[in-house]
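A.B. asks: Got a structure for you, questions after.
Quick note: the coordinates plus some simple rules give every number you see, no bench work behind them. These numbers were taken from a predicted model, which means no experiment stands behind them. Every residue, glycine among them, receives a Cβ derived from its backbone with ideal geometry; neighbour counts consider all protein chains shown.
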Amino acid sequence: MSLRILFADDHALVLDSIAALLSIEDPDLEVARAADFDAAMIALRDQGPFDLVILDLNMPGMNGSNGIREVHARFEGLPIIVMSGSAKPAEIVAVMDAGAKSFLPKTMASRVLLNVIRIVAAGETFVPAEIAKQIQMHRDGAGFELFTARELDVLGHLRNGDSNKEIARQLDIQETTVKRHMQTIAEKLSARNRTEIIIRAFEMGLF
């Protein structure tokens, strides 16, 4: 299926790399490019029509979910895919509620991205399972309910970069107790180390 899409991202390397990979995966796919939100709006006006647009969540001018609403106001019915290198669940929920058809991490393989483009161009919505889980947990408020009050205390100190010894001293508990809490937290977050715990907690909106 031949498609015309617009891909907007303020990181030139990301923009060029993804556009090039998509063209390799499907030579019939025409990819126009824009370096920020304002350039994307001009391209949509002057170079359209397009079958869909891919927008970087954090590029200049985008202003989060407001960018989605502006595109819909001026180009009614145009499917939108939002991509981001990092985003909190609340931000993901906001852009999906504003009318985006998909939210994808920038680490997604080009072949998978191409399949998502086809799905969205056909009028469907697609969200990867991991992101869908984050969205559901955010809507349900389940993130905080996963943890005991003490585990949340430990997470707070972990966010501040405190060592196990420092956490134990500040919470007035044994260091071995801190280690048990850390192990339980890691299991609940499917994390392998402190860094992954922080990343997953951030993604869930716990920080």
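A.B. asks: Are there any pairs with C-beta distances below 8 angstrom linking a residue in region 16-38 that is closer than 16 Å to residue 114 by Cα to a residue that is assigned to a helix (DSSP H, G or I) and hydroxyl-bearing (Ser, Thr, Tyr), with the two at least 6 apart or on different chains, and if so which?
C.D. replies: Correct list of pairs: 18/110; 21/110; 22/110; 24/110; 25/110; 29/23; 31/23.
A.B. asks: Could you please find all residues in region 70-83 being surrounded by fewer than 21 Cβ atoms within 10 Å (Cβ to Cβ) and not in a helix (DSSP H, G or I)?
C.D. replies: Those that are surrounded by fewer than 21 Cβ atoms within 10 Å (Cβ to Cβ) and not in a helix (DSSP H, G or I): 75, 76, 77, 78.
A.B. asks: Regarding region 56-78, can at least one residue be identified that is in contact (Cβ under 8 Å) with a residue 40 or more places away in the chain and of a type in the set (Val, Ile, Thr)?
C.D. replies: No: region 56-78 contains no residue that is in contact (Cβ under 8 Å) with a residue 40 or more places away in the chain and of a type in the set (Val, Ile, Thr).
A.B. asks: Now, a different point. So which residues in region 167-200 are over 15 Å from residue 149 (Cβ atoms), in a helix (DSSP H, G or I) and in contact with a Lys or Arg (Cβ under 8 Å, 6 or more places away or on another chain)?
C.D. replies: 175, 182, 186, 189, 198
A.B. asks: Inside region 57-69, can you point out the residues that are in a helix (DSSP H, G or I), touching a helix residue (DSSP H, G or I) at 6+ places or on another chain (Cβ under 9 Å) and either farther than 14 Å from residue 100 by Cβ or not polar (S, T, N, Q) (or both)?
C.D. replies: Within region 57-69, 67, 68 meet the criteria.
A.B. asks: Go through region 24-56 and count every residue that is in a helix (DSSP H, G or I) and either charged (D, E, K, R) or within 23 Å of the chain's Cα centre (by Cα) (or both).
C.D. replies: 8
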